[in-house]
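The values are calculated or read from the model by the stated rules, or taken from the named source; none is laboratory data. Bear in mind that the values here come from a model prediction, so they are computed numbers and not experimental data. In this analysis, Cβ positions are derived from the backbone assuming ideal geometry, glycine residues included, and neighbour counts consider all displayed protein chains.
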Amino acid sequence: MQVTSERRLDDGVLEREFTLDGIPGILWTPAPASAPAPLVLLGHPPLGLRGMYPRLVARARHCAASGFAAATIELPGSGERPRLPAVEQARAELRRAMEAGEPVGDETIDALVLPLVDRAVPEWRAALDALLALPGIGGPVGYSGGLISIGIRLASAEPRISAAVLFAGSLVPRAVFAEARQVTVPLHVLLQWDDEGNDRQAALDLFDALGSEEKSLHAHLGGHTGVPRSAGEEATRFLARHLT
């Protein structure tokens, strides 16, 4: 891991940009404490770290206020990383189907999501290795954010993750539905009830498929961008219960 920039935010949080095997990332750490800080991995949609930065840093500040470090990495094919032609083609087909009011087929969903999951999860695990080796950062580890398919794969494959906050979405491959049954960590799932880009019933079916004995669904009225501030606060409290 190579740190490329470092600055202190106005609330005392230390923000460090880094690269790991050519993958950009950002790490936020609270003021030094007597014990290593728990770590929260911040997931996000494939819109690029620069585009997602305002939302990511807000979530990182919530984590730091609870004494957690937070980190994120750029997704494959996003930001300044090389594009994935097959994924770009599937994204174009998705837009075409949605504009035409047609159902999105399983083949399109698989081509859009599975390559990101297959590439991103090993990268997240490598980042976790590097982050936990840094002074001042320790376990336990939580995951918070989307894509939900990445969160499900990571929560089922990575034993160091103790709890996860998942942002509900409906473009989920059938293979990921099967993997959802293997997830056993405590889960806190956020769902925007009127999200114009998601199929509500598909999101509910996925929640039902998750195998965790401790899981809760938190639904809020409003569209994709209408997540209330209280939802983030509830998610932070959930992580605090399981990471401290």
Pick from P54, P46: which is under 19 Å from the mean Cα position of the chain (by Cα) and farther than 26 Å from E158 by Cβ?
-> P54
Output the residue which, of all residues in the stretch 1-18 that are farther than 11 Å from P30 by Cβ and among the hydrophobic types (A, V, I, L, M, F, W, C), is surrounded by the fewest Cβ atoms within 10 Å (Cβ to Cβ).
-> V3
Taking the stretch 86-119 and keeping residues closer than 20 Å to G48 by Cβ and either in contact with a Gly (Cβ under 9 Å, 6 or more places away or on another chain) or not in a helix (DSSP H, G or I) (or both) leaves V87, E88, P115, L116, R119
In the stretch 124-157, the residues that are of a type in the set (D, E, K, R) and either surrounded by 18 or more Cβ atoms within 10 Å (Cβ to Cβ) or touching a helix residue (DSSP H, G or I) at 6+ places or on another chain (Cβ under 7 Å) (or both) = R153
Of G79, G67, G12, which residue is in a loop (DSSP other than H, G, I, E, B), small (G, A, S) and more than 24 Å from A133 (Cβ to Cβ)?
-> G79
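Please go through the stretch 42-64 and pick out each residue that is within 24 Å of R91 (Cβ to Cβ), outside any loop (DSSP other than H, G, I, E, B) and touching a residue at least 60 places away in the same chain (Cβ under 8 Å).
Step one: of the stretch 42-64, the residues within 24 Å of R91 (Cβ to Cβ) are 42-56.
Among the residues that remain, those that are also outside any loop (DSSP other than H, G, I, E, B) are: 42, 49-56.
Passing the criteria: only L42.
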Go through (1) more than 23 Å from A71 (Cβ to Cβ); (2) touching a strand residue (DSSP E or B) at 6+ places or on another chain (Cβ under 7 Å); (3) polar (S, T, N, Q) one by one and return the number of the condition S230 breaks.
-> (2)
Restricting the search to the stretch 184-227, which residues are over 24 Å from I109 (Cα atoms) and of a type in the set (S, T, Y)?
-> T184, S212, S216
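In the stretch 27-41, what residues are surrounded by 17 or more Cβ atoms within 10 Å (Cβ to Cβ) and part of a loop (DSSP other than H, G, I, E, B)? Walk me through it before giving the result.
First, the residues of the stretch 27-41 that are surrounded by 17 or more Cβ atoms within 10 Å (Cβ to Cβ): 27-30, 37-41.
If the condition is that a residue be surrounded by 17 or more Cβ atoms within 10 Å (Cβ to Cβ) and part of a loop (DSSP other than H, G, I, E, B), then P30 is the only one that fits.
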Positions within the stretch 35-80 being in contact with a strand residue (DSSP E or B) (Cβ under 8 Å, 6 or more places away or on another chain) and of a type in the set (G, A, S), in sequence order = A35, A37, G43, A60, A64, G67, A69, A70, A71, G79
Long-range neighbours under 9 Å by Cβ, at least six apart or interchain, first residue hydroxyl-bearing (S, T, Y) within the stretch 25-38, second assigned to a loop (DSSP other than H, G, I, E, B) and surrounded by fewer than 23 Cβ atoms within 10 Å (Cβ to Cβ) = T29/V13; T29/L134; T29/G136
Please give the number of the condition P24 fails out of (1) part of a loop (DSSP other than H, G, I, E, B); (2) at pLDDT 95 or above; (3) surrounded by 14 or more Cβ atoms within 10 Å (Cβ to Cβ).
-> (1)
Identify all residues within the stretch 57-110 that are touching an Asp or Glu at 6+ places or on another chain (Cβ under 7 Å), charged (D, E, K, R) and closer than 30 Å to R241 by Cα; write none if there are none.
-> R61
